[in-house]
1. With ALA128, ALA181 as the choices, which residue is part of a helix (DSSP H, G or I), touching a residue at least 60 places away in the same chain (Cβ under 8 Å) and over 29 Å from VAL80 (Cα atoms)?
2. Given the criterion touching a residue at least 40 places away in the same chain (Cβ under 8 Å) and part of a loop (DSSP other than H, G, I, E, B), identify the matching residue among SER188, SER168.
3. Within the range 266-288, how many residues are assigned to a helix (DSSP H, G or I) and in contact (Cβ under 8 Å) with a residue 24 or more places away in the chain?
4. I'm trying to understand the selection: among the residues of the range 474-527, which are touching a residue at least 60 places away in the same chain (Cβ under 8 Å), aliphatic (A, V, I, L, M) and closer than 30 Å to ASP452 by Cβ?
5. Being buried (at least 19 other Cβ atoms within 10 Å of the Cβ), out of contact with any Lys or Arg (no Cβ under 9 Å at 6 or more places or on another chain), touching a residue at least 12 places away in the same chain (Cβ under 8 Å) and not assigned by the TED database to the domain that holds LYS186 is the requirement here; does GLU296 meet it?
6. Looking only at the range 219-275, filter to residues that are open to solvent by less than 30 Å² (accessible area, probe 1.4 Å), touching a helix residue (DSSP H, G or I) at 6+ places or on another chain (Cβ under 7 Å) and aliphatic (A, V, I, L, M); which one of those is modelled with the lowest pLDDT?
7. Which residue is farthest from the chain's Cα centre (by Cα), if the candidates are limited to the range 219-239 and must be among the β-branched types (Val, Ile, Thr) and part of a loop (DSSP other than H, G, I, E, B)?
8. Is it true that ALA11 is at pLDDT below 85 and open to solvent by less than 60 Å² (accessible area, probe 1.4 Å)?
Amino acid sequence: MAIDRIFKDEASEEKGERARMASFVGAMAIADLVKTTLGPKGMDKILQSTGRGREVTVTNDGATILKSLHIDNPAAKVLVDISKVQDDEVGDGTTSVVVLAGELLREAEKLVAAKIHPMTIISGFRMAAECARNALLEKVVDNKADYEKFRSDLLNIAMTTLSSKILSQDKEHFAKLAVDAVMRLKGSTNLESIQIIKKPGGSLKESFLDEGFILDKKIGIGQPKRIENAKILVANTAMDTDKVKIYGARVRVDSMARVAQIETAEKEKMKEKVQKIIGHGINCFVNRQLIYNFPEELFADAGILAIEHADFDGIERLALVTGGEIASTFDNPESVKLGHCDLIEEIMIGEDKLIHFSGVAMGKACTIVLRGASHHVLDEAERSLHDALCVLSQTVNDSRVLLGGGWPEMVMAKEVDALAKKTPGKRSLAIEAFSRALLAIPTIIADNAGLDSAELISQLRAEHQKEGCTAGIDVISGSVGDMAERGICEAFKVKQAVLLSSTEAAEMILRVDEIITCAPRRREDRM
């Protein structure tokens, strides 16, 4: 009996088979959860939070769905993690990575049941992943040299990425928006300078791309509506002290006149501060906090546009884009970096007035204004667009491109199968299993579109025996189609990340042979 007492009372452990079963089942459940969202005909999920306000999110972005789940199963958490990393790293392929890892585990489970040691399976998987990656490398197309071709590649990638999202109806329109925005970045992957503003009303088709920066604020009363060659001071400072407002402090005065004196002193202080700010030689002042009437008047008299309450995201971005820095003290003007832009004017979008900064110092800055029926549609549109922007910015750096529509998986599976036939020993079984897992992706794409997947996949496999084959699943016509003609492209970087992450995750879960759950710490009763 003594052996059982190593762990504390509530700690539990599961050994060997049971532990492995628990982790396989958890991981496969997660994969099954998101696999219906894969592909152009994938379905969306509604996520309803139980917190206050019961927010509802409608999405088919794998990472978003998995981020919102509360999961207890440790293996499932590993999968949630890889989808997060995929989202941060390349932005798209979040569902594929989980589905592929799930399929690898499903295959591994059969092998473990057939008494093949997990380490043998892992070494087989490793060989297969390496082989699959090399197969893709041989087939990549790189059009970086030819601008026109490269741009059409980018458009195709954007359309492919968007076709499995809510924007698929207007994917040409949005693909153009995304490509234009990313082309302005000139090869940086920092998406900070692309701002997305969501304005409900209108239809998705009315979304547009605007060069420069749009601040979601109105211009104050009596202020200049249009400023050319603007020098902008971006600040985070209190401009609301020109009246007496003293909280929680008692001021004793012996007559009302004294109150007036205090007021006047406050006003004078405010005036001095405004003079200091004007002394910077600016004609636009953007503040994160309130600006009271009195300083606003002073600014208006000096012909300076004062914008108050610019929210933090807006003000940080504005400083970045105009090349200024956020100031909070104004005593030495020479150390403050001002922002610059050619023109500030007020524009109307839908019902709202916004302030448009054009010709900004950071030439790569632009703003995408999304219009849509409701907030849910806009949020999902923003997520989809974000995926497209991430993939494009990665592709501009690493311009290798593959065809899409299940074509890369078929190419990889074919090579991996060939490898399995050459490999002696039990590892070959694991390599074969890897190729079956790869085939699961086109199978699921076909299933989600309601097509006969078994029939299609066997047709595809036959097609791929030919040299230089470009066949994939054409979900629209419901048959095997030519992906090159259809312009269905994917970024090599995304595919590679999917392949490597999912293999590593599957390997990690396979290595588990014991799950130890520790007892929770107890609070002592401090009475």
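The values are calculated or read from the model by the stated rules, or taken from the named source; none is laboratory data. Given the structure is predicted, the values throughout are model-derived calculations rather than measurements. We place every Cβ from the backbone using ideal geometry, glycine too, and count neighbours over all the protein chains shown. Side chains are part of the model used for accessible areas, which takes the heavy atoms of the whole protein and leaves out ligands, DNA and RNA. Shrake-Rupley method; radii C 1.70, N 1.55, O 1.52, S 1.80 Å.
1. Being part of a helix (DSSP H, G or I), touching a residue at least 60 places away in the same chain (Cβ under 8 Å) and over 29 Å from VAL80 (Cα atoms) holds for just one of ALA128, ALA181, which is ALA181.
2. SER188
3. Number satisfying all stated conditions: 10.
4. Answer for the range 474-527, where residues must be touching a residue at least 60 places away in the same chain (Cβ under 8 Å), aliphatic (A, V, I, L, M) and closer than 30 Å to ASP452 by Cβ: VAL475, ILE476, MET483, ALA484, ILE488, ALA491, VAL494, VAL498, LEU499, ALA506.
5. So GLU296 fits the description; yes.
6. If we take residues in the range 219-275 being open to solvent by less than 30 Å² (accessible area, probe 1.4 Å), touching a helix residue (DSSP H, G or I) at 6+ places or on another chain (Cβ under 7 Å) and aliphatic (A, V, I, L, M), then MET239 is modelled with the lowest pLDDT.
7. Initial filter on the range 219-239 (among the β-branched types (Val, Ile, Thr)): 219, 221, 227, 232, 234, 237.
When the remaining residues are screened for being part of a loop (DSSP other than H, G, I, E, B), the result is 219, 221, 237.
Details: ILE219: 32, ILE221: 38, THR237: 32 Å.
Filtering the range 219-239 for residues that are among the β-branched types (Val, Ile, Thr) and part of a loop (DSSP other than H, G, I, E, B), the one farthest from the chain's Cα centre (by Cα) comes out as ILE221.
8. Numbers: at pLDDT below 85: yes; open to solvent by less than 60 Å² (accessible area, probe 1.4 Å): yes.
In short, yes.
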